[in-house]
1. With respect to Asp125, determine if the residue is among the acidic types (Asp, Glu), under 18 Å from Phe251 (Cα atoms), open to solvent by less than 20 Å² (accessible area, probe 1.4 Å) and in contact with a strand residue (DSSP E or B) (Cβ under 6 Å, 6 or more places away or on another chain).
2. Could you please find all residues in region 198-214 being touching a residue at least 24 places away in the same chain (Cβ under 8 Å), open to solvent by less than 40 Å² (accessible area, probe 1.4 Å) and hydrophobic (A, V, I, L, M, F, W, C)?
3. Looking at the structure I just gave you, is Val238 in contact (Cβ under 8 Å) with a residue 12 or more places away in the chain, among the β-branched types (Val, Ile, Thr) and open to solvent by less than 20 Å² (accessible area, probe 1.4 Å)?
4. Can you name the condition, by its number, that Asp119 falls short on among (1) open to solvent by 60 Å² or more (accessible area, probe 1.4 Å); (2) modelled with pLDDT of 90 or more; (3) under 23 Å from Pro271 (Cα atoms)?
5. Let me confirm something: among Thr253, Thr287, which residue is part of a helix (DSSP H, G or I) and either open to solvent by 10 Å² or more (accessible area, probe 1.4 Å) or modelled with pLDDT under 95 (or both)?
6. List the number of the failed condition for Val163; all other conditions in (1) crowded, with 18+ Cβ neighbours inside 10 Å; (2) touching a residue at least 60 places away in the same chain (Cβ under 8 Å); (3) over 23 Å from the mean Cα position of the chain (by Cα) hold.
7. How many residues does region 166-195 hold that are free of Cβ contacts under 8 Å to residues at least 40 places away in the same chain and of a type in the set (Phe, Trp, Tyr)?
8. Any idea which of (1) modelled with pLDDT of 95 or more; (2) within 22 Å of Val132 (Cα to Cα); (3) charged (D, E, K, R); (4) open to solvent by 10 Å² or more (accessible area, probe 1.4 Å) is the one Arg217 doesn't satisfy?
Amino acid sequence: MSSPGDRDRDGFDDRPDEGSGWREPVHLGKGDTPGPAPDRPAEPPQPEPAWQPPGWDLPAAEPERPVQPQTAGEQPAGGGGFGGRRPRTPSELERVFAYQGDPVGAQGWAIQHGWDISDGTAPQDAVLAELVTTAPVRATKDHRPAGVMRGRYGSLDLVAFDVLYASGRYAVPEYAVTAAPVLGTVPRLRLSPARFWKHRTGGLAQVPSGDPVFDARWVLLAAEDGPAVRRLVEDTTVRGLLLGTDDGDEFWTTAGHGGGWAGGFVAAIRPDGHRPELIEHHARLLTAIVGALAAGA
């Protein structure tokens, strides 16, 4: 008969053959053999992946991007700082048409060039309201001139300003306008990229240039096909400058009567905020357009 002293102190029997017939369950992936087959080496156990919710995986640290072709003057990958690719220097055209929204820089440029600055509410700014209302965009009563800059660029006197949309606490410059005041009467016309939707074109008819390349990209609309309009559409300098742009500007004329100015305006508009490069870009185009219109005067 056994006694309590015949067992270990933990209350369990220690038998030599205890557990010798145990096999690991098949669902744990070990099969019914206690160890590896004798004809293959033992493999270290592989850790099982920790459970995580579906969609928990984070994206790769470096997103896949198409490889950009290497241009002249550009270092190959690893040649720039920190082992990366040196950014390609943008072209002059890309710098002009890249949106920056830099009204402070534009006014700084204007001051450096001796231009005058006003906020759009000065008495001499009253005439600019007509430029806003006649512009080839959908302006509303909440659009008004702001950040006005006046000065001379080459042979032209210019006024440049932002068309500010202000409603309640919301105010943002939506368009940049540059206009050249001209004496006398200017023909009513609109010069727009062909891809633009046309607004306020009542009473205007298309005047083709005879250049199929130009007419495929630009459309000249005028109240009448007079000599000045014909000079404009046939001017090679004007056509060359416009074909060298991104077709992002529109041009129009207005009588400009009111606000103490009896002449008219030739103006350019772009959905952007004014900046130095844009003022200069508009100034070059307006110089050519005004010159073509006035060539026979």
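The values are calculated or read from the model by the stated rules, or taken from the named source; none is laboratory data. Every value quoted in this text rests on a predicted model; they were computed, and no experiment measured them. We place every Cβ from the backbone using ideal geometry, glycine too, and count neighbours over all the protein chains shown. Just the protein is used for accessible areas: all its heavy atoms, side chains included, with ligands, DNA and RNA removed. Shrake-Rupley method; radii C 1.70, N 1.55, O 1.52, S 1.80 Å.
1. Working: among the acidic types (Asp, Glu): yes; under 18 Å from Phe251 (Cα atoms): no; open to solvent by less than 20 Å² (accessible area, probe 1.4 Å): yes; in contact with a strand residue (DSSP E or B) (Cβ under 6 Å, 6 or more places away or on another chain): yes.
So Asp125 does not fit the description; no.
2. Matches in region 198-214: Val207, Phe214.
3. Considered against the rule, which asks whether it is in contact (Cβ under 8 Å) with a residue 12 or more places away in the chain, among the β-branched types (Val, Ile, Thr) and open to solvent by less than 20 Å² (accessible area, probe 1.4 Å), Val238 comes out as yes.
4. (2)
5. Details: Thr253 fails: part of a helix (DSSP H, G or I).
The conditions single out Thr287.
6. Failing condition for Val163: (3).
7. Number satisfying all stated conditions: 1.
8. The number of the failed condition is (2).
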